[in-house]
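**Student:** The structure's right below; bear with me while I get my questions together.
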Amino acid sequence: MKKLSITEKISKWLMPFASKMANQRHLVAIRDSFVDISPIIIANSLFILLNALVFSNETVNEFIDLSSLSDLALMVNNGTLGIMTIFVTFLIGYRLASHYISNGKIERKNLSELHAGILSLALAMVMFPLFNEVTPVDSPEPIEVTGVYLQSLTSSGGLFVGIIAALLGTELLVKLSNKDKLHIKMPEGVPPAVAGSFNALIPECLTIAIFAIVTFAVVKGTGQSIPDIIQLIISAPLQTAMESPFGLFVVQSFTQILWFFGLHGQNIVSSVTSPPMLTAIQQNVDAFNAGEAIPNIVTNPWIGMYTLFGGTGAILPLLIAIIWVSKRKDYKNIAKIGLLPSLFNVSEPIMFGLPVVMNPYLAIPFIGVSLVNLTIAYPLTVLGLVGRSVVIPPWVLPPIITTWVTTAGDIPATILSILLFILDIFLYMPFVLAANRGMSENIE
């Protein structure tokens, strides 16, 4: 019996777990919902960058005063990140219900995706506080108001409320909708949309009633709103963990390891990391727009600008190292083919064509290079020697330019990215040379 290598043993242990996590219906619904809203998030980031480099730029305003146009960026922010929780809550309910319908767990005539999405949003609004404190523009003292939803909740601050409302609400709705006794039968000839609404009437009413009663009891019993309780128990600890060096390196290591075994690491971990990371970048954006100190270091754009040099694991430096020192024609040919896609962070041709996946000779640098980059970048950012992330860039933006955009034109951070890019080339070189010799029998 052939003895398994270390790589094969790790793969045998990790793959089933990672596969289950990647296909878990609740995590998939959360992950895909964040992917759905990525275009509007990037659109908002472009306006933030335009505001920083043009509208609010003192040098530009010395020649032509464009400061009044900064309201454009604020308007776009209000319509995108400012109501992000509303989008995500609806989408999670919609996608989770769609999963159950496509798998035959419930019939479409008893429940539609739209009903699940709308109900999820309604439940989140039920869980938001009735009364809020706001500070009028011309008054130093806050006042209590009702009938108002704070943007701090409709943006990233209410994400966990929305996620809980969508997941629990949709699960309960599916269970109730599967009970025939709760359906209102309509005569034949009634339009399907009308019949579907009446079918969902009692299950939706019961779901809303249950959430409203529980919310009322918790608020009266604790004296705190549901968002405040969730912030205390879930949001704040998770964001604190992600902002710590330990949490950062654990998440990044797990992401790289999953990718090494051919699984999309970012997609798998994003269902857990996206809410605190979006909260962190939202706080940075708000502080940047207000001219205040940027509060958070670790955000997805910050991680990306120091690790996504051509794709996860700094693939572009690997290609340069191959073209520079490799003596294998097949390696060089694949590297040349993958050079242009990698320039725009499309790394799949190299990940699966070279391959990097399951390649024991490239395991150490593929996992380690990103960690080295973050180990260098983190303390420099803490010390304030390089800028923090304030923009979410398009993911296809080439390396180095990504850093300049993400930090709204911070030169020290851009120079650091260049230096790390060069360092990564040299870190990959000895492993490329080893792979030339060691993999020849397996490939040729």
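The values are calculated or read from the model by the stated rules, or taken from the named source; none is laboratory data. None of these values were measured; they are calculated from a predicted model. In this analysis, Cβ positions are derived from the backbone assuming ideal geometry, glycine residues included, and neighbour counts consider all displayed protein chains. Please note that ligands, DNA and RNA were not included when accessible areas were found on the heavy atoms of the full protein model with its side chains. Shrake-Rupley method; radii C 1.70, N 1.55, O 1.52, S 1.80 Å.
**Student:** Scan the range 93-148 for residues that are over 21 Å from residue 229 (Cβ atoms), polar (S, T, N, Q) and in contact (Cβ under 8 Å) with a residue 12 or more places away in the chain and jot them down.
**Tutor:** Scanning the range 93-148 gives 98, 110, 112.
**Student:** While we're looking at this one, here's another question. When only residues in the range 37-78 that are within 19 Å of the chain's Cα centre (by Cα) and open to solvent by 60 Å² or more (accessible area, probe 1.4 Å) count, which is modelled with the lowest pLDDT?
**Tutor:** 46
**Student:** Could you say which residue among 191, 203 is modelled with pLDDT of 80 or more, open to solvent by less than 80 Å² (accessible area, probe 1.4 Å) and either in contact with a Phe, Trp or Tyr (Cβ under 9 Å, 6 or more places away or on another chain) or closer than 30 Å to residue 109 by Cβ (or both)?
**Tutor:** After applying the criteria, what remains is 203.
**Student:** Counting only residues that are more than 30 Å from the chain's Cα centre (by Cα) and modelled with pLDDT under 85, give me the helices (runs of 4 or more DSSP H) lying completely in the range 107-183 with at least 2 of them.
**Tutor:** none
**Student:** Moving on. Taking only pairs six or more apart or across chains, which ones have beta-carbon atoms under 9 Å, a first residue in the range 44-67 that is without any contact (Cβ under 8 Å) to a residue 24 or more places away in the chain, and a second residue that is of a type in the set (D, E, K, R)?
**Tutor:** Filtered contacts from the range 44-67: 55/71.
**Student:** What is the residue count in the range 112-133 for residues that are open to solvent by 50 Å² or more (accessible area, probe 1.4 Å) and more than 19 Å from residue 98 (Cα to Cα)?
**Tutor:** 4
**Student:** List every residue pair whose Cβ atoms lie under 7 Å apart, where the two residues are 6 or more positions apart in sequence or sit on different chains, the first residue falls within the range 226-249 and is in contact (Cβ under 8 Å) with a residue 40 or more places away in the chain and under 12 Å from residue 299 (Cα atoms), and the second residue, located anywhere, is of a type outside the set (Asp, Glu) and outside any helix (DSSP H, G or I).
**Tutor:** 242/298; 243/296; 243/297; 243/298; 248/298
**Student:** State all residues of the range 79-111 that are of a type in the set (A, V, I, L, M, F, W, C) and either in contact with a Cys (Cβ under 7 Å, 6 or more places away or on another chain) or open to solvent by less than 40 Å² (accessible area, probe 1.4 Å) (or both); if no residue qualifies, say none.
**Tutor:** Listed by number, the residues that qualify are 81, 84, 88, 91, 92, 96, 97, 101, 106, 111.
Residue-by-condition table, conditions (1) out of contact with any Pro (no Cβ under 9 Å at 6 or more places or on another chain); (2) farther than 21 Å from residue 74 by Cβ; (3) in contact (Cβ under 8 Å) with a residue 12 or more places away in the chain; (4) part of a loop (DSSP other than H, G, I, E, B):
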{"site": "285", "(1), (2), (3), (4)": "yes, no, yes, no"}
{"site": "288", "(1), (2), (3), (4)": "yes, no, yes, no"}
{"site": "296", "(1), (2), (3), (4)": "yes, no, yes, yes"}
{"site": "312", "(1), (2), (3), (4)": "yes, yes, yes, yes"}
{"site": "316", "(1), (2), (3), (4)": "no, yes, yes, no"}
{"site": "320", "(1), (2), (3), (4)": "yes, yes, yes, no"}
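**Student:** Modelled with pLDDT of 95 or more, in contact with a helix residue (DSSP H, G or I) (Cβ under 9 Å, 6 or more places away or on another chain), hydrophobic (A, V, I, L, M, F, W, C) and not in a helix (DSSP H, G or I): is that true of residue 386 in this structure?
**Tutor:** yes
**Student:** Could you please find all residues in the range 338-374 being assigned to a helix (DSSP H, G or I), open to solvent by 10 Å² or more (accessible area, probe 1.4 Å) and either in contact (Cβ under 8 Å) with a residue 24 or more places away in the chain or acidic (Asp, Glu) (or both)?
**Tutor:** 343, 348, 352, 363, 364, 367, 368, 371, 372
**Student:** Further, regarding this structure: For the range 209-259, give me the residue count where each residue is open to solvent by less than 40 Å² (accessible area, probe 1.4 Å), in a helix (DSSP H, G or I) and either touching a Gly at 6+ places or on another chain (Cβ under 8 Å) or not hydrophobic (A, V, I, L, M, F, W, C) (or both).
**Tutor:** Number of matching residues: 13.
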